[in-house]
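Have a look at the structure below before the remarks.
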Amino acid sequence: MTKGEDTRPAVVEKAAALLNQRGFSGFSMSALMEATGLEEGGIYRHCDSKRQLAAEAFEWAWQAALGTRMRALGSMSKSIE
């Protein structure tokens, strides 16, 4: 895996956290730059726009929440739990 392939998931994860805290209108690329330590060009190397990054961050957050929920189901003995 290349350095860029390692960086992209980290950018999306940090964007998800910021979007969760601030919402789309309160989310800024400068805040993401601060959170990731990347410059603007480094972030845009991994996404085309703020909107695209937000969509990927939402998908990441959805999959993370779903994965957590599905793991918890395996430990429950009754479906009503």
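The values are calculated or read from the model by the stated rules, or taken from the named source; none is laboratory data. What you are looking at is a predicted structure, and each value in this text was computed from that prediction instead of being measured. Positions of Cβ are generated from backbone atoms using ideal geometry, with glycine treated the same way; all protein chains shown enter the neighbour counts.
What to note about this one:
- Of the residues examined, Ala10 is not one that is at pLDDT 95 or above and under 17 Å from Phe58 (Cβ atoms).
- Residue within the stretch 64-79 that is touching a helix residue (DSSP H, G or I) at 6+ places or on another chain (Cβ under 8 Å), over 14 Å from Leu19 (Cα atoms) and outside any helix (DSSP H, G or I) present: no
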